[in-house]
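Accompanying notes for the structure given below.
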Amino acid sequence: MRELAGKFGWQRYAHKHYESRFTRFYEGYWLPTKFGFDKRRAHFSSLVLTGQLTRDGSTGEDLKKAYDEETVAQDFEYVATKLGLSVAELKEIMAGENKSYRDYKSNMPMIALARKCCALSGFSERSFDDQDS
(Lines give C-alpha, C1' and ligand atoms only; values in the text may rest on other atoms or scores of the structure.)
Protein backbone atom coordinates (compact mmCIF):
# COMPACT_ATOMS: atom_id res chain seq x y z
CA MET A 1 0.00 0.00 0.00
CA ARG A 2 2.90 2.34 0.72
CA GLU A 3 4.33 1.67 -2.72
CA LEU A 4 0.98 2.37 -4.38
CA ALA A 5 0.61 5.58 -2.40
CA GLY A 6 4.17 6.68 -3.14
CA LYS A 7 4.28 5.86 -6.85
CA PHE A 8 0.69 6.51 -7.88
CA GLY A 9 -0.87 8.68 -5.17
CA TRP A 10 -3.26 5.88 -4.18
CA GLN A 11 -5.42 6.67 -1.18
CA ARG A 12 -6.99 4.13 1.13
CA TYR A 13 -10.79 4.22 1.16
CA ALA A 14 -12.55 5.00 4.43
CA HIS A 15 -14.41 1.67 4.40
CA LYS A 16 -14.67 -1.51 2.36
CA HIS A 17 -16.37 -0.98 -1.04
CA TYR A 18 -16.19 2.82 -0.90
CA GLU A 19 -14.24 2.90 -4.16
CA SER A 20 -17.54 3.42 -5.99
CA ARG A 21 -19.79 6.39 -5.26
CA PHE A 22 -22.86 4.22 -5.64
CA THR A 23 -21.72 1.49 -3.23
CA ARG A 24 -20.46 4.12 -0.78
CA PHE A 25 -23.91 5.71 -0.83
CA TYR A 26 -25.75 2.38 -0.67
CA GLU A 27 -23.67 0.82 2.10
CA GLY A 28 -22.77 3.98 4.00
CA TYR A 29 -26.06 5.86 3.87
CA TRP A 30 -29.04 4.05 2.31
CA LEU A 31 -28.87 0.72 4.15
CA PRO A 32 -28.17 2.12 7.64
CA THR A 33 -30.52 5.12 7.32
CA LYS A 34 -33.49 3.49 5.60
CA PHE A 35 -33.23 -0.08 6.86
CA GLY A 36 -31.04 0.15 9.99
CA PHE A 37 -28.51 -2.28 8.48
CA ASP A 38 -24.86 -1.27 8.72
CA LYS A 39 -22.63 -3.54 6.63
CA ARG A 40 -19.56 -2.15 8.38
CA ARG A 41 -20.39 -4.36 11.37
CA ALA A 42 -19.79 -7.48 9.28
CA HIS A 43 -16.66 -5.96 7.74
CA PHE A 44 -15.24 -5.07 11.16
CA SER A 45 -16.18 -8.52 12.43
CA SER A 46 -14.18 -10.19 9.66
CA LEU A 47 -11.18 -8.00 10.51
CA VAL A 48 -11.45 -9.03 14.17
CA LEU A 49 -11.73 -12.73 13.24
CA THR A 50 -8.62 -12.55 11.05
CA GLY A 51 -6.64 -10.67 13.72
CA GLN A 52 -6.32 -7.47 11.67
CA LEU A 53 -8.28 -5.50 14.28
CA THR A 54 -9.03 -5.97 17.96
CA ARG A 55 -12.60 -6.17 19.21
CA ASP A 56 -12.03 -3.01 21.27
CA GLY A 57 -10.75 -1.23 18.17
CA SER A 58 -13.88 -1.98 16.17
CA THR A 59 -16.51 -0.27 18.32
CA GLY A 60 -17.52 3.29 19.01
CA GLU A 61 -15.78 5.64 16.60
CA ASP A 62 -15.82 3.17 13.70
CA LEU A 63 -19.60 2.81 13.74
CA LYS A 64 -20.41 6.51 13.77
CA LYS A 65 -21.74 8.03 10.55
CA ALA A 66 -20.08 6.51 7.53
CA TYR A 67 -19.26 9.82 5.90
CA ASP A 68 -19.92 13.55 6.15
CA GLU A 69 -23.19 15.27 5.28
CA GLU A 70 -21.69 17.26 2.39
CA THR A 71 -20.49 14.08 0.66
CA VAL A 72 -23.85 12.40 1.37
CA ALA A 73 -25.62 15.33 -0.35
CA GLN A 74 -23.29 15.10 -3.37
CA ASP A 75 -23.72 11.34 -3.59
CA PHE A 76 -27.49 11.65 -3.13
CA GLU A 77 -27.65 13.93 -6.17
CA TYR A 78 -25.30 11.66 -8.15
CA VAL A 79 -27.34 8.51 -7.42
CA ALA A 80 -30.65 10.26 -8.13
CA THR A 81 -29.33 11.41 -11.51
CA LYS A 82 -28.01 7.91 -12.34
CA LEU A 83 -31.42 6.44 -11.49
CA GLY A 84 -33.22 9.03 -13.64
CA LEU A 85 -34.86 10.61 -10.60
CA SER A 86 -34.86 14.05 -9.09
CA VAL A 87 -33.36 14.49 -5.63
CA ALA A 88 -36.89 15.14 -4.33
CA GLU A 89 -38.14 11.86 -5.83
CA LEU A 90 -35.28 9.90 -4.30
CA LYS A 91 -35.89 11.58 -0.93
CA GLU A 92 -39.56 10.59 -1.21
CA ILE A 93 -38.55 6.96 -1.76
CA MET A 94 -36.12 7.23 1.15
CA ALA A 95 -38.88 8.52 3.43
CA GLY A 96 -41.44 6.01 2.14
CA GLU A 97 -42.48 2.68 3.54
CA ASN A 98 -39.81 -0.02 3.44
CA LYS A 99 -40.55 -2.79 0.96
CA SER A 100 -39.58 -6.42 0.76
CA TYR A 101 -39.40 -8.71 -2.24
CA ARG A 102 -42.50 -10.35 -0.73
CA ASP A 103 -44.47 -7.16 -1.54
CA TYR A 104 -44.21 -7.92 -5.26
CA LYS A 105 -45.65 -10.64 -7.45
CA SER A 106 -43.24 -13.50 -8.07
CA ASN A 107 -43.07 -17.25 -8.60
CA MET A 108 -41.77 -17.88 -5.08
CA PRO A 109 -44.99 -19.55 -3.81
CA MET A 110 -44.90 -21.97 -6.77
CA ILE A 111 -41.20 -22.67 -6.24
CA ALA A 112 -41.79 -23.32 -2.52
CA LEU A 113 -44.63 -25.71 -3.36
CA ALA A 114 -42.48 -27.55 -5.91
CA ARG A 115 -39.66 -27.92 -3.38
CA LYS A 116 -42.06 -29.30 -0.76
CA CYS A 117 -43.49 -31.78 -3.27
CA CYS A 118 -39.98 -32.91 -4.25
CA ALA A 119 -38.97 -33.28 -0.61
CA LEU A 120 -42.11 -35.29 0.24
CA SER A 121 -41.61 -37.58 -2.76
CA GLY A 122 -37.98 -38.26 -1.88
CA PHE A 123 -36.40 -36.16 -4.60
CA SER A 124 -33.70 -33.74 -3.69
CA GLU A 125 -31.76 -31.22 -5.71
CA ARG A 126 -28.93 -33.77 -5.83
CA SER A 127 -31.25 -36.31 -7.49
CA PHE A 128 -31.32 -34.15 -10.61
CA ASP A 129 -27.52 -33.85 -10.71
CA ASP A 130 -27.19 -37.67 -10.69
CA GLN A 131 -29.10 -37.86 -13.99
CA ASP A 132 -26.14 -36.39 -15.88
CA SER A 133 -23.84 -39.35 -15.04
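The values are calculated or read from the model by the stated rules, or taken from the named source; none is laboratory data. Keep in mind it's a predicted model, so treat the numbers as computed, not measured. All accessible areas refer to the heavy atoms of the entire protein, side chains included, with ligands and DNA or RNA removed. Shrake-Rupley method; radii C 1.70, N 1.55, O 1.52, S 1.80 Å.
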Output ³J(HN,Hα) for segment 77-82: one whole-Hz value per residue in order, computed from phi by the Karplus curve 6.51 cos²θ - 1.76 cosθ + 1.60 with θ = phi - 60°, and x for Gly and Pro.
5, 4, 5, 4, 4, 4
Please report the accessible area of Tyr104 (heavy atoms, 1.4 Å probe, ligands and nucleic acids excluded) in Å², nearest 10.
130 Å²
Multiply the residue separation of Lys116 and Asp56 by 0.36 nm, subtract the distance between their alpha-carbon atoms, and state the gained length in nm to one decimal.
17.0 nm
